[in-house]
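First the structure, in the form of structure tokens, and then the observations on it.
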Amino acid sequence: MPTRRRFISQATLTAFSFALGSRIVYGNKLPEGIVPIGLNDPIKGKHPGLTILNDRPVNAETPAHLLDDPLTPNDRFFVRNNGIPPENPEAGNWSLTIEGESARQSKTFTLAELKANFRHHTYQITLECGGNGRSEFNPPAKGNQWSTGAVGCAAWTGVRLKDVLQSVGVKSDAVYIGYYGADTHLSGNLSKTVISRGVPIKKAMQEESLIAWEMNGEPLPLLNGFPLRLIFGGYPASASGKWLNRIVIRNQVHDGPKMTGQAYRVPCKPVAPGAKVADDEMCIIEKMPVKSLITFPKTGATIKSGQQLPIRGHAWAADAGVSKMEYSIDFGSTWQTSRLENAANRFAWQHFSANIDFPENGYYEIWARATDGEGNSQPMILPGWNPKGYLNNACHRIAVRVV
Ligand SMILES: Nc1nc2c(c(=O)[nH]1)N[C@H]1C(S)=C(S)[C@@H](COP(=O)(O)O)O[C@H]1N2
Ligand SMILES: [Mo]
């Protein structure tokens with residue numbers, strides 16, 4: 001055992017200070033081998049507890065216990081980037097162009113004009129990546145290996161997409177809208193579009209479909225699309241284009257990058273695990289399935305014998321909403337009803353809670369199961385395997401020990 005603490009070198013100290021962006025005041029007392037925890041936050045502006053799947057492009061998910069707030073704080077909201085975000089986008093210079101075969105004219109709005117010319121609306125809307133839960137698929141599906149945390153619910157403020165589209169003029173043959181954003185392709189090729197998806201015109205015209213500049217009362221974080229993005233509830237979040245600068249009104253199903261082939265599509269009919277499916281047998285995902293998360297306690301909690309355990313979490317289900325929430329402590333043999341709150345508005349997640357008594361000491365799992373307004377429940381195990389690993393809405397499980 002060394003008798004004296006060894007301190008870091010001056011060169012390391014300088015490097016740390018540079019990376020932290022400020023001088024480490026007691027730096028000369030920092031023991032060798034200890035890295036300032038301020039450096040363990042490689043994603044600027046995001047909570048250090050997020051699980052980072054990739055840093056180029058940035059992909060990070062939120063562990064369930066960090067989603068406990070009624071609305072997901074901006075620094076905890078997951079990030080799913082397909083390319084490189086614009087570097088220093090300026091809200092003051094931002095503009096959005098609406099055009100396309102089915103637009104009556106082509107029109108460009110500055111962000112200030114959007115704010116000044118249309119009524120503002122705020123909705124709580126859950127965004128979930130279509131690939132959330134992909135890590136459970138077997139055979140495995142390629143792509144980000146999300147566990148449960150590519151989901152969040154925020155209050156988004158902006159203008160209705162429909163108000164903007166109607167002010168430009170939508171021709172009667174309009175079928176779809178597509179978005180374009182200011183992020184750039186990983187290849188460095190500036191003329192290559194990263195992702196350009198969209199939604200059917202009917203979805204675009206829904207009241208809750210927004211062009212948003214605010215998230216929980218603040219400007220959007222850069223990684224979540226600053227200064228402007230689309231928000232579509234109940235759809236895979238891939239439809240909610242970030243760094244939005246162009247919308248096309250199409251007379252056919254939009255065919256931008258990641259809209260065609262197998263991207264964000266599932267087999268139109270169920271297939272056996274591992275099956276190869278032809279492109280023309282894959283259908284566009286237009287609805288996220290019913291799902292829920294236990295956000296308290298954190299999995300692995302220990303409680304004392306005889307204590308009641310309060311649990312809570314959120315449940316969501318596209319436009320049908322969640323009508324029933326249950327939990328099980330016996331691996332799904334029996335289910336108890338949880339308290340379930342109403343949604344703030346359509347497409348917002350709903351909060352549930354329960355107080356659980358355990359019959360004796362030992363290991364338990366708590367499973368949560370939501371049922372939507374159409375009677376669909378979450379499956380206990382992985383639902384329909386599909387080649388790209390989308391739509392896993394299996395019951396969330398947490399471990400609890402009673403000692
Ligand atoms: N311009 C642009 N928009 C985008 C993406 C992107 O890479 N570029 N990713 C999409 C995908 S796949 C998802 S799941 C959501 C994620 O939104 P978030 O990063 O704000 O959580 O943004 C969507 N919008
Ligand atoms: Mo996604």
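So what is the relative contact order for the chain, in percent, with contacts set as C-alpha pairs under 8 Å and at least six apart? Numbers along the way, then the final one.
Values: 965 pairs, mean separation 64.0, N = 403.
Once normalised by length, the contact order is 16 percent.
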Residues whose placed amide H lies under 5 Å from that of Tyr176, excluding near-sequence neighbours: Ile201, Arg250, Gln252
Length gain on complete extension for the stretch Ile37 to Ser353, per 0.36 nm per residue less the alpha carbon to alpha carbon distance? 110.4 nm
Of Trp316, Trp335, which has the most accessible area with a 1.4 Å probe, and how do the rest follow in descending order? Trp335, Trp316
Extending each Cα 7 Å along its Cβ direction at Asn88 and Thr51, get the distance between those two points in nm, one decimal. 3.6 nm
So how far apart, in nm, are the two label points at Asn251 and Ser172 if each is 7 Å from Cα heading toward Cβ? 1.3 nm
For region 335-386, radius of gyration divided by Kirkwood radius, i.e. Rg to Rh on alpha-carbons: 1.03
Cα pair distances in the chain, grouped into 20 Å bins until the bin that holds the longest one, percent each: 25, 52, 21, 2, 0
Rounded to the nearest 0.05, what FRET efficiency do Ala275 and Leu190 have when you use their Cβ-Cβ distance and R0 = 30 Å? 0.20
Could you check the simple spin-label distance between Ala399 and Glu218, using points 7 Å along Cα→Cβ, in nm with one decimal? 3.4 nm
Taking DSSP loops as anything outside H, G, I, E and B, show the longest stretch in the chain free of GluC sites (Glu not before Pro) there with at most 11 other beta carbons within 10 Å. 91-359
Which whole-Hz ³J(HN,Hα) couplings does region 89-102 yield from phi under the Karplus relation 6.51 cos²θ - 1.76 cosθ + 1.60, θ = phi - 60°, glycine and proline marked x? x, 10, 4, x, 9, 6, 9, 10, 9, 10, 8, x, 4, 9
With every atom except the alpha carbons ignored, what do you get for Rg and Dmax of region 10-72, in angstroms? 15.0, 46
Probe 1.4 Å - accessible area at Met380, Å² to nearest ten: 80 Å²
Could you give the Stokes-Einstein D for region 291-402 in µm² per second, using the C-alpha Kirkwood radius, 20 °C, 1.002 mPa s? 147 µm²/s
Sparse-neighbourhood loop sites, trypsin sites (Lys or Arg not before Pro) in region 71-156 - DSSP loop, at most 16 other Cβ within 10 angstrom: Arg104, Arg119, Lys142
Return a single number: how many Lys pairs in region 91-284, at a sequence separation of 8 or more or on separate chains, have alpha-carbon atoms below 14 angstrom apart. 6
May I ask you to give the average projected area over all directions of the convex hull of the Cα atoms of region 61-158, in nm² rounded to one decimal? 9.5 nm²
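Taking R0 as 45 Å, what FRET efficiency do you get between Gln10 and Ala116 from their Cβ-Cβ distance, rounded to the nearest 0.05?
Working: r = 55 Å, r/R0 = 1.21.
Taking R0 as 45 Å, the efficiency between Gln10 and Ala116 is 0.25.
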Find which of Ala237, Asn251, Thr110 sits farthest along the positive direction of the dipole of the chain, computed with +1 on the beta-carbon of Lys and Arg, -1 on that of Asp and Glu, about the Cα centre. Thr110
Explain nothing, just compute: Karplus ³J(HN,Hα) = 6.51 cos²θ - 1.76 cosθ + 1.60, θ = phi - 60°, for every residue of region 109-126 in order, whole Hz, x for Gly and Pro. 10, 6, 4, 4, 5, 4, 5, 7, 9, 10, 5, 8, 9, 10, 10, 7, 9, 7
Probe radius 1.4 Å, ligands and nucleic acids ignored: give me the carbon and sulfur share of the accessible area of region 32-130 as a rounded percent. 48 percent
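The values are calculated or read from the model by the stated rules, or taken from the named source; none is laboratory data. Everything numeric in this text was worked out from a predicted model, so none of it was measured. Please note: Cβ atoms are built from the backbone with ideal geometry, for glycine as well, and neighbour counts cover all protein chains shown. In case anyone asks, the SASA skips ligands and DNA or RNA and just uses the protein heavy atoms, side chains included. Shrake-Rupley method; radii C 1.70, N 1.55, O 1.52, S 1.80 Å.
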